[in-house]
Amino acid sequence: MILGILQLLYRLPWLLLVSAAALVLIGTLALYSASEGAWSPWAERQMVRAAIGAMLLVVVAMMPTPWLHRLSYWGLAIAILVLVAVPFIGTGTGATRWIELGPFNFQPSEPAKLAVIIALARYLSGQTPEQVQSLVSYLPVILMLGIPFGLVLIQPDLGTSLMLLMGGLAVVFAAGVPRRFLVTGVLAAAASAPILWSQLYSYQKARIMTFLNPEADVLGVGYQITQSKIALGSGGLFGKGFLQGSQSQLNYLPEKQTDFVFTMIGEEFGFVGNLVVLLIYFAILVSVALTGLRCQHRFGRLLCMGNSFMLFLYIFVNVGMVTGLLPVVGAPLPLISYGGTAMLTVFLALGVVVNIALHTKLQDSDFY
Amino acid sequence: MKKRKEQKELSTVMTRRMLMLGAGQGVLGALLVGRLYQLQIAQSEGYRRLSDNNQFDRRLVQAPRGRILDRKGRLLAGNSEVFELRMLPSRISNHQAWLKRVSRLITLKPEDIEAILEKITEQPKFLEVTVKSNLTQRELSRLAVLSPVLEGASFQKSYKRIYPQGWMTAHVTGYVSPVNKRDIDGEPDLRYLPETRIGRTGIEHNMEPDLRGLFGFERVEVNARGKPVRVLRDQQANPGADAYLSLDVEAQSFATERLRRGRWQAVPVQMPEVQEALLENEELRAHVSMGDDLVLKDEKGRLVPPESGAVVVMDIYTGELKVMVSTPSFDPNLFSNRLSIRDWQRMNEHPRTPLLNRAISGLYPPGSTFKMVVLAAALEAGVITQKTRINCVGAFEFGDRNFHCWFERGHGLVDAEQSLERSCDIYYYQIALKTGINRIHDMARRLGLGDVSTLGLISEKEGIIPNRDWKLEKRGVVWTPGETVVAGIGQGFVLTTPLQLALMTARIANGRSAITPTLTTPQMTEASPSFPPLDVSPDIIRFLHKSMRKVMAGGLGTARKHDINQGMAGKTGTVQVKRITKEQREKGIIDNIDRPWKERDHALFVAFAPYKNPRYAISVIVEHGGSGSSAAAPIARDIMDFMLKSDGVSA
């Protein structure tokens, strides 16, 4: 018994867990600063969510991996059902993205990303090498990916839907899709881009246009990017100090508790602070990747691959957005941004990875 | 077997693809770090500046202007606190719409809005523009309600220049007005101090650098909505230094009223006859429309405005001016903010030029008050002695001209002392001729005539004390002896200011030092002043004193009715404004009172007192007031009496 526990402790991906805890801590402090040095309204709630998230992580990590395998389609089915329901029971201003669950607001598109990755991992890991080479076997993939993508897109939430799509495609890519399909896919996407553009809402077009030329519209959408760049830039090497970021504290920086929290950290702790955060993320990504590489079964490898890529996407899109490299698409910074659904989703994803790490001995055949 | 191989191959492909994705992530991650380096290190300087611009609004803090006080600390010019609404152009996207919104709450005329918009384009965007100063309580409360949503608005305590004594001391204090384009050209820093008031005349102008003080500079930390959060004082506003004047407001007030009243009776302005007269008498109307309610009735029963003229009272030892009056005057408060066109027109079109400070800028022939100069010059030159007698037969023929004495029947045989006592013109025609214009000029200059004084007030006139060179230079013609003759009685080319006449009298009274006038008290100038010697023989001075005393005390003295208890020594002067033609003289000269005002003689009087132990010198001029003895001397008497009595009280 004691030996079992010690073995368990030994196999735990400590780097990942410690890094995640560090991020939660940094996030809590950032939220404390975002409310001008107060635990309410954000920091204290974030801690409660982190505690719930940690419990979810443990539950997911401890369950036998085949259960995960078996539950995966159900998960996707439920996710799709909820997404279908959003337009009818959801709330939100301009775009309907939320479902009210008692005191909580729940954003179904977040767990949907995870559900898509797990379902795709299961489906693709079950394909024989011949099937991998066959176009027909990708028809279910298109459905598994296309339906949630479409549902999130029409909410409308372009950013999340694109991230969902890219996360799913990464899994498909990692699963070994033949190169000729990849080339065809890229060409098809390029051809459909103009059509997609015409379908965009005006605010989405505006965001993209603003991204291309933020200074043109300083008090409009470009305001956010401009202020974010000012905040980051003025932070310099070491930052203005905790609670001393004038851009954040005087509300020049919008959404500083959610999408622009990285900017706030940058203003108050400078280049060094931002680099530390990115290094912790790097540690998590390395840990997830190593887990994937060590894993013997394809399901686990694809899961790790999908989750690491999804995490990376979050980070890249968020940081790219606040530094003005990418348009404002509304992507949270994992484990730091204020937002319950995103945080719980990340904890679930990390739980999946820890699960894989704890069960590396399994083979593909063990799932059937 | 084949299956295993394929499995193995697929696994290799997957690993390779995972590594590819990882490498891709690594590249993109490096891109992020590079971007952060670019923003936070390479371009940090620029962003820091932008952040500061966001965080702080620069704001100038007005320094209260130094006060102007009289010798007893009574306020002549001060500041009243007012609230003003300012806008920060850089925080407002549509200035016109903003102003329009505000104009619904406070009265803003279209021309005001235009002026504000112009100002916005002229000055840097980060500087505030005053929208309206002197806000009423009602406007303040209205604006306060709206202020949370009125971006870029701020309320500032500001100062308005006030002159509690109003027009009574206007010519001394002068006035201030807002910075204009010409000021900015001369002093570019004023561009950033748009609310500054600049002294334009009087002490306000003279002591401008001391009075102005130093503007403070503060940074106001503002949040994204433009709401102030914190104020950082970078530079404290330094109030301007107070100016203590030698003036005595009580005496000034007495002298003003006394001069204005002249010889006439005050009539209540509400009386029907006054209202009636106002309709037809343009001069009276111009005067009453300036807000003055003193209307006089002259000896012929005509309604006339108060007398115009000047009074200067000087301490004969220190040169301090106790009184400097010029009437009519104006309200300097009108200039402190934007002067309305109507007020400006009223002042400009007033027939008696209220903006002219007659005490220093009014040029008058000194008339008989110049006789002390001629007498002193003649005695010094030795062309006469104190005993020299000359026979006055009422006229003196010189060249082809007849020079008349004011006393047509002639004074008969008069000596030097009697010549001054009775102001015999013939005596002075002759001694002037003997002395020569250059020596008269020399004496006049020593006694303080013909040059601007040390007061340093803007627009002070130097007057004219002619000599041969002057005539040649200015007129291109040689001096003629006939001109010396008229100069002997202070007419012709000779022009002086009331200040100079007071100075002349003070120097005669002092006798030893060539004192110079000042408007400030020793509190402001370090040591008590030491003056150069006067360089006129004590014998001559003594003789002048004695003769001037005779004017007041002699049985035939021209001012014998107007002496005071302590004894005064003086000299009357009556200045002809229009030449009297031969025909007029034959028909008999028309009385002053029957001539049009503009053609009446100027009445002058200079004096010092007490005779035994002189303290003050005074000069009075009543423009077109008639004779010096009847119009000016009584005024000087009453003022001198007041001066000495109030000294007695305070001593």
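The values are calculated or read from the model by the stated rules, or taken from the named source; none is laboratory data. Keep in mind the model is a prediction, meaning the values are calculated, not measured. All Cβ positions, glycine included, derive from the backbone under ideal geometry; neighbour counts span all protein chains shown. Ligands, DNA and RNA are excluded from the accessible area calculation, which covers all protein heavy atoms including side chains. Shrake-Rupley method; radii C 1.70, N 1.55, O 1.52, S 1.80 Å.
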- Among B:32-45, A:116-129, how do they line up from the highest to the lowest mean number of other beta-carbon atoms within 10 Å? A:116-129, B:32-45
- Message: Rounded to the nearest 20 debye, what is the charge dipole size of chain B about its Cα centre when +1 sits on each Lys and Arg Cβ and -1 on each Asp and Glu Cβ?
- Response: 2800 debye
- Task: Could you let me know the centre-to-centre spacing of the stretch A:292-311 and the stretch A:132-187, using Cα atoms, in angstrom?
- Result: 17 Å
- Query: So who's got an amide H within less than 5 Å of the one on B:E320, skipping anything under 5 residues away but keeping other chains? H placed 1.01 Å off N, in plane.
  - Reply: B:D315, B:T518
- Query: In square nanometres, what is one fourth of the surface area of the convex hull spanned by the alpha carbons of chain B?
  - Reply: 44.3 nm²
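Place a +1 charge on the Cβ of each Lys and Arg in the protein assembly as shown and a -1 charge on the Cβ of each Asp and Glu, then give the dipole magnitude about the Cα centre in debye, rounded to the nearest 20.
2220 debye
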- When Lys and Arg each count +1 and Asp and Glu each count -1, what net charge do the other residues less than 13 Å away from B:S423, Cβ to Cβ, add up to? +2
- Item | 27 Å Cα-Cα reach of B:K5 towards lysines, excluding residues that sit fewer than 8 places from it in its own chain | A:K361
- Note on the structure: Restricting to lysines and to Cα separations under 22 Å from A:K229, and discarding same-chain partners fewer than 8 apart, the set is A:K205, A:K240, A:K256
- Message: For a 19 Å ceiling on Cα separation, which of these pairs sit above it: B:K160/B:K322; B:K371/B:K571; B:K100/B:K181; B:K371/B:K434; B:K550/B:K645?
- Response: B:K160/B:K322; B:K100/B:K181; B:K550/B:K645
- When the Cα centres of the stretch B:239-276 and the stretch B:19-54 are compared, how far apart do they sit, in Å? 76 Å
- Query: With the contact rule set at Cα under 8 Å and sequence spacing of 6 or more, what percent relative contact order holds for the stretch B:263-304?
  - Reply: 49 percent
- Enter the mean number of other protein chain beta carbons within 10 Å of the beta carbon of each residue in B:9-22, as an integer. 6
- Message: How shielded is A:160-173 by partner chains, expressed as the average number of their Cβ atoms within 10 Å of its Cβ atoms?
- Response: 1
- Note on the structure: If one builds a Gaussian network model of chain A from Cα atoms under 10 Å apart, the most fluctuating residue listed among A:L143, A:L162, A:L302 is A:L143
- Note on the structure: Which of B:K387/B:K582; B:K461/B:K582; B:K471/B:K561; B:K387/B:K561 exceed 30 Å between C-alpha atoms? The answer is B:K387/B:K582; B:K461/B:K582; B:K471/B:K561
- Query: Once amide H atoms are placed 1.01 Å from N in the peptide plane, what residues at a sequence separation of 5 or more from A:T258, or on another chain, have their amide H within under 5 Å of its amide H?
  - Reply: A:Y338
- Label point distance in nm, B:R142-B:V577, each placed 7 Å from Cα along Cα→Cβ: 5.0 nm
- Query: In what sequence, highest mean first, do B:389-401, A:178-190, B:485-497 appear when ranked by Cβ atoms within 10 angstrom?
  - Reply: B:485-497, B:389-401, A:178-190
- Message: Sort A:305-313, B:334-342 by packing, meaning the average of other beta carbons within 10 Å per residue, with the highest value first.
- Response: A:305-313, B:334-342
- Ranking B:V393, B:T369, B:P164 by how far each Cα lies towards the positive end of the charge dipole of the protein assembly as shown (+1 on Lys and Arg Cβ, -1 on Asp and Glu Cβ), the top one is B:P164
- Hits among lysines - C-alpha to C-alpha of B:K157 under 19 Å, sequence gap 8 or more where chains match: B:K132, B:K227
- Dipole of the stretch B:263-304, Cα-centred, from +1 at each Lys and Arg C-beta and -1 at each Asp and Glu C-beta, to the nearest 20 debye? 140 debye
- Query: Given a 1.4 Å probe and every protein chain left where it sits, what share in percent of the accessible area of the protein assembly as shown is carbon and sulfur?
  - Reply: 58 percent
- What ³J(HN,Hα) values, in whole Hz, does the Karplus curve 6.51 cos²θ - 1.76 cosθ + 1.60 give for the stretch A:235-245 when θ = phi - 60°, with x put for Gly and Pro? x, x, 6, 10, x, 8, x, 4, 6, 10, x
- Item | Relative contact order [Cα under 8 Å, 6+ residues apart], the stretch B:450-532, whole percent | 28 percent
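How shielded is A:243-250 by partner chains, expressed as the average number of their Cβ atoms within 10 Å of its Cβ atoms?
Across A:243-250, the average partner-chain Cβ count within 10 Å equals 4.
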- Item | For the stretch B:341-349, Karplus couplings with θ = phi - 60° (6.51, -1.76, 1.60), whole Hz, Gly/Pro x | 4, 5, 5, 4, 4, 4, 5, 6, 8
- Place +1 on the Cβ of every Lys and Arg and -1 on the Cβ of every Asp and Glu in chain A, take the dipole about the Cα centre, and give the residue among A:F309, A:Y338, A:P140 whose Cα lies farthest towards its positive end. A:P140
- Message: Given the options B:N53, B:H441, B:L334, identify the residue whose Cα lies farthest towards the positive end of the charge dipole of the protein assembly as shown (+1 on Cβ of Lys, Arg; -1 on Cβ of Asp, Glu).
- Response: B:N53
- Message: At a threshold of 8 angstrom on Cα-Cα distance, excluding pairs fewer than six apart, so keeping six or more, what relative contact order does the stretch A:16-367 reach in percent?
- Response: 27 percent
- Considering amide H positions built from the backbone, and no H for Pro or chain starts, which residues 5 or more places from B:T496, or on another chain, come under 5 Å of its amide H? B:Y364, B:I464
- Taking θ as phi - 60°, what are the ³J(HN,Hα) couplings along the stretch A:348-359 by the Karplus curve (6.51, -1.76, 1.60), each to the nearest whole Hz, with x for Gly and Pro? 4, 4, 5, x, 4, 5, 4, 4, 4, 4, 7, 10
